[in-house]
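Since the structure comes first, as structure tokens, the remarks are kept for the end.
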Amino acid sequence: GKGEYRHFMQKEIFEQPAVIGDSLHSFLDPLSGTVQLPDLGIDFSAISRITISACGTAYFAGLIAKYWFEQIARQPVEVDIASEFRYREAPMPESGLGLFVSQSGETIDTLEALRYAKRCGQTILSLVNVPESAIARESDAVLQTLAGPEIGVASTKAFTTQLTVLACLALATARARGSIDAAREAALSQALLEVPARVAEVLNHDTTIRMIAADMMEARDVLYLGRGSLYPIALEGALKLKEISYIHAEGYAAGEMKHGPIALIDEDVPIVVCAPAGPLFEKTAANVQEVIARGGKVILISDAEGIARAGDEAAHVIELPPVDPFVAPLLYTLPMQLLAYHTAVLKGTDVDQPRNLAKAVTVE
Ligand code: F6R
């Protein structure tokens, strides 16, 4: 049941510290501070390329994993939407790994993408929340998220547990490829181990976010911006808002604004910006300035340092704890979920069963 919560989605958002912890502890040994994958029978030192394919929110998890595999493991990765990949007839390399991400394990496009990769001789690894699913059955090896059953149609805890396991997989791949030293591995493992506590801190902003949602519910369009591994979080924020509040939203890489979408900006378009302090902050802050100069109302999600540098002109700020950039996508997802949730509740939509949507898309 929903217990003390009004909706399953709300319950599932608040379960995240626990289920991220469960998923983490099945792969990361807190004593040694190192990732220990089960024996998957895959030699991660010898993969030419990983091809990730998935749908919707699971695809965004794959996009973030690409940043991690490339930066930490120096592993070439390609990511594609399963409904495109399955028909694209892409050539696939020798010694390639196909990685398929799916909460339900039953999404037909992801299953067909898997079958295509198998025909092309790829080793098949899947990441599912439901281990007795078609995608798991047809894989050479399976990793499981320990999110527990997800009832709300909008994916929340499935997504953050997917990210958790993908982060562990990137670390394991980095070690296998010799692209990370022990000190850096320990630091990144430690950052991951602290995620459940940091996520719990972010949930404390629930009331602030509900107030921001009261502003957002009147909007017709909302833009979400991010850079680097937070660009897919902008995509996820926009998808979450669309599917449960029915407000039109778009996620963009912040640097793409000037190539078109900035034409949309006026006083009526809220712009949600995910921008922790760090090497890319000044770039995003410049994009924020351009938006504010055109009357845009910015909701800045950052840490204390970022808010000190760029928060003054924002209409709203949400201050998240400072964390290693590696784990930032996990934290910045939470305000996206809560903004969408509260906006939908205020609008009175059916949060757990949005119109036209099914939990698992088993027909094309
Ligand atoms: C969005 C959402 C969908 C799913 C997508 C894939 O909130 O829930 O975009 O992520 O349909 O579903 P699975 O992960 O079951 O393959």
Selection status of PHE85, part of a loop (DSSP other than H, G, I, E, B) and among the aromatic types (Phe, Trp, Tyr): no
Candidates GLU132, GLU70, GLU106, GLU84 - the one that is in contact with an Asp or Glu (Cβ under 9 Å, 6 or more places away or on another chain), surrounded by fewer than 20 Cβ atoms within 10 Å (Cβ to Cβ) and at pLDDT 95 or above: GLU84
Residues that are more than 14 Å from the ligand (Cβ to nearest atom) and part of a loop (DSSP other than H, G, I, E, B), drawn from segment 50-81: ARG74, GLN75, PRO76
Residues located in segment 5-28, provided they are open to solvent by 30 Å² or more (accessible area, probe 1.4 Å) and modelled with pLDDT under 95: HIS25, SER26
Among (1) within 16 Å of the ligand (Cβ to nearest atom); (2) assigned to a helix (DSSP H, G or I), the one test that MET257 misses: (1)
Any chance THR145 is of a type in the set (Ser, Thr, Tyr), surrounded by 15 or more Cβ atoms within 10 Å (Cβ to Cβ) and out of contact with any helix residue (DSSP H, G or I) (no Cβ under 8 Å at 6 or more places or on another chain): no
Residues of segment 112-126 that turn out to be touching a strand residue (DSSP E or B) at 6+ places or on another chain (Cβ under 9 Å), without any contact (Cβ under 8 Å) to a residue 60 or more places away in the chain and either within 9 Å of the ligand (Cβ to nearest atom) or not in a helix (DSSP H, G or I) (or both), as a count: 3
Odd one out for PRO232 among (1) within 16 Å of the ligand (Cβ to nearest atom); (2) at positive phi: (2)
Identity of the residue in segment 214-234, of a type in the set (A, V, I, L, M) and surrounded by 24 or more Cβ atoms within 10 Å (Cβ to Cβ), that ends up nearest to SER155 (Cα to Cα): ILE233
Matching option when the condition is under 24 Å from the mean Cα position of the chain (by Cα), in a loop (DSSP other than H, G, I, E, B) and not acidic (Asp, Glu), among GLY98, GLY105: GLY105
Index of the failed condition, MET92 passing every other in (1) open to solvent by 10 Å² or more (accessible area, probe 1.4 Å); (2) touching a Leu at 6+ places or on another chain (Cβ under 7 Å): (2)
Residue within segment 82-97 that is within 15 Å of the ligand (Cβ to nearest atom), of a type in the set (S, T, N, Q) and within 19 Å of PRO329 (Cα to Cα) present: no
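Listed residues ARG184, ARG175; which is more than 29 Å from THR349 (Cβ to Cβ), touching a strand residue (DSSP E or B) at 6+ places or on another chain (Cβ under 8 Å) and basic (Lys, Arg)?
ARG175
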Identity of the residue in segment 169-193, within 11 Å of ILE72 (Cβ to Cβ) and under 16 Å from the mean Cα position of the chain (by Cα), that ends up farthest from the ligand (Cβ to nearest atom): ALA170
Lone qualifier among LYS66, LYS2 - being free of Cβ contacts under 8 Å to residues at least 24 places away in the same chain and in contact with a Lys or Arg (Cβ under 7 Å, 6 or more places away or on another chain): LYS2
Cβ pairs under 8 Å, 6+ apart, first in segment 29-50 and at pLDDT 95 or above, second among the hydroxyl-bearing types (Ser, Thr, Tyr) and part of a loop (DSSP other than H, G, I, E, B): ALA46/SER95; ILE47/SER95; SER48/SER95
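The values are calculated or read from the model by the stated rules, or taken from the named source; none is laboratory data. The structure presented is a predicted model; accordingly, all values stated were derived computationally and were not measured. Using ideal geometry, Cβ is built from the backbone for each residue, glycine included, and neighbour counts are taken over all protein chains shown. For accessibility, only protein heavy atoms count, side chains too; no ligands or nucleic acids. Shrake-Rupley method; radii C 1.70, N 1.55, O 1.52, S 1.80 Å.
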